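Heads up, the thing below is written out as structure tokens.
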Amino acid sequence: MRDLLRSLSVAIAIGLLSAAPGAAAEEAKSHRVAIQVDQNDPDVMNLALNNAQNVIEYFNARGEDIAVEIVTYGPGLHMLRADTSPVRDRIKWMVEQTFPAKIAFAACNVTKQGMEKREGHAIAILPEATIVPSGVVRLMHLQEQGWSYIRP
């Protein structure tokens, strides 16, 4: 009976030890990253898109979930403006063809309203983007929810 109990104890201990790394590995297979764009600079915008593409491709190759959100505010809102975006075609391609459901774009409404007031007309945002109340607050909320943060 002692040998049976000892064998069961050893089996349970081995099972618990082997389950722990597996459980941790399962949790680590979901990744989320927020990328900030706050400059009206095509090089910065393309760097942010390159970062997003590289991250998505890396985790896709590993079979792991990845979500990327590019958050724009201040002069960086030009990235998502329908009339001034130097990267609109690349954004459309990434959302529609390459990484649907992996990448999202957020446009700061505070910045949009300020630009509209200064320019005296409504500003259209790319259809691939979502308008959020505040880009900075959006970044804060994502970080509070455990998202990683990148500023190219």
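Structural remarks
- Residue check for K112: over 17 Å from the mean Cα position of the chain (by Cα) and surrounded by 13 or more Cβ atoms within 10 Å (Cβ to Cβ): yes
- Considering the conditions (1) modelled with pLDDT under 95; (2) crowded, with 22+ Cβ neighbours inside 10 Å, Q97 is excluded by exactly one of them, (2).
- Verdict on K102 being modelled with pLDDT under 95, touching a helix residue (DSSP H, G or I) at 6+ places or on another chain (Cβ under 9 Å) and surrounded by 13 or more Cβ atoms within 10 Å (Cβ to Cβ): yes
- M45 fulfils the conditions (1) at pLDDT 95 or above; (2) under 17 Å from A101 (Cβ atoms) except for a single criterion, (2).
The values are calculated or read from the model by the stated rules, or taken from the named source; none is laboratory data. As the structure is a prediction and not an experimental result, all values here were calculated from the model. Cβ: placed from backbone, ideal geometry, glycine included. Neighbour counts: every protein chain shown.
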